[in-house]
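The next block holds one structure in the form of structure tokens; read it before the comments.
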Amino acid sequence: MRVVKTIDEVRAQVREWRAHGLTVGLVPTMGYLHEGHASLIEASHRDNDRTVVSDFVNPMQFGPTEDLESYPRDLDRDSKIVEEHGGDLIFNPEPAEMYHEGFSSFVDMTVLTQELCGLSRPIHFRGVCTVVSKLFNIVKPDRAYFGKKDAQQLAVIRHMVDDLNMDIEIIGCPIIREADGLAKSSRNTYLNADERQAALVLSRSIALGKDMVKNGEKSCDAIIGEMTKLISAEPLARIDYVKIVDCATMQQITELDRPALCAIAVYIGKTRLIDNFFSEDV
Ligand code: AMP
């Protein structure tokens, strides 16, 4: 397993693999890896001869008041995790390697980014689409792996790949959770003991919503109402959104009459956490 910092080194390595007829998977991450990331690396290792993990806290997808500076970083720890789970190359560039002076081209999307996280994080998806496009151009993978934890991001990437005719298969992987249900996230490290306990309202409300769908509830208002009630009872929690949207368009719906995504974003203290379920996975 190698760690490289430059685009040239990634390209040279991938060229060598390609010369031997090997297939390549890409797992884009912001580092501080946990079992959620590890599951993507394992999936790529299963499907491809070689796996590249990008480890880059992308400044372009953070708003001015967000946690770019405090975002946790630990390349040594990440290297061990990548190696253990079958990754072959870590690409860990400095921001200047990705965004040279005069950088001025962006990949933007209109429709799917106007809801959910796009409302509270207006520049986020432009940053994500731009960096993922760059990573696709640098690595030129056969397949790329994304978690359903970031369900809107997965939908946005699938749409971008389709719109822009990128010849890459996008694989969505299940949410990995802690034993008590909390979805694994690098941002969970921000939580103190009380907040860690309070954060369980996210997975509990997701479980409640899932149960209602399983029991045949079709009214989105009813599901959202019960989930909201549960989260609001936790004093450390502040809801950003609890919404149900059409999976394909990310537009809100009122009846569960098509494949839907129920997504939530909740502040626990200062930490913004997300969770979700797809109606089709219930
Ligand atoms: P991040 O480093 O948070 O940008 O995440 C990198 C990739 O890992 C994204 O595709 C995420 O959706 C995925 N991911 C993060 N947390 C989880 C999780 N708990 N389960 C599955 N995938 C995850």
*Scale the Cα Rg of the chain by the rule-of-thumb value 2.2 N^0.38 Å and send over the ratio, two decimals.*
1.01
*asked:* Suppose each label sits 7 Å from its Cα in the direction of the beta carbon; what would the Glu16-Arg77 distance come out to in nanometres?
replied: 3.0
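Just the number please: accessible area per residue for segment 20-105, 1.4 Å probe, all protein chains included, in Å².
The answer is 46 Å² per residue.
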*Filter the GluC sites (Glu not before Pro) in segment 132-229 down to the DSSP loop ones having no more than 15 other Cβ atoms within 10 Å, then list what survives.*
Glu217
*Modelled label-to-label distance, Ala222 and Ala248, 7 Å Cα→beta-carbon offset: nm?*
2.6
*Which percent of the accessible area of the chain is formed by carbon and sulfur heavy atoms (probe 1.4 angstrom)?*
48
_Å³ per residue enclosed by the Cα convex hull of segment 186-276_ = 89
*List the residues of segment 232-247 whose backbone N lies under 18 Å from a point placed 7 Å from the Cα of Asp211 along the Cα-to-Cβ direction.*
232-234
*Chain lengthening between Asn192 and Arg177 when straightened (0.36 nm per residue, less Cα-Cα)*: 3.6 nm
*Asp167 versus Arg46: modelled label distance in nm, points set 7 Å from Cα along the beta carbon direction*: 2.7
*asked:* Suppose only helical runs count, i.e. DSSP H with n ≥ 4. What mean residue ellipticity at 222 nm does that imply for the chain under -39500 (n - 2.57) per run, divided by all residues and rounded to the nearest 500 deg cm²/dmol?
replied: -11500 deg cm²/dmol
*How many percent of DSSP beta bridges within the chain run antiparallel, rounded to 5?*
50
*Report the antiparallel proportion of the DSSP beta bridges in segment 1-107 as a percent, rounded to a multiple of 5.*
0
*Which whole-angstrom value gives the distance between the alpha carbon centres of segment 169-209 and segment 28-82?*
17
*Which links in Lys218/Lys270; Lys140/Lys270; Lys148/Lys210; Lys134/Lys243 stretch past 26 Å when you go from one Cα to the other?*
Lys218/Lys270; Lys140/Lys270; Lys134/Lys243
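The values are calculated or read from the model by the stated rules, or taken from the named source; none is laboratory data. Note that the structure is a prediction, hence the values are computed from the model and not measured. So basically every Cβ, Gly included, is an ideal-geometry build from the backbone, and we count neighbours across all protein chains shown. These accessible areas exclude ligands, DNA and RNA; they are computed on the full protein's heavy atoms, side chains included. Shrake-Rupley method; radii C 1.70, N 1.55, O 1.52, S 1.80 Å.
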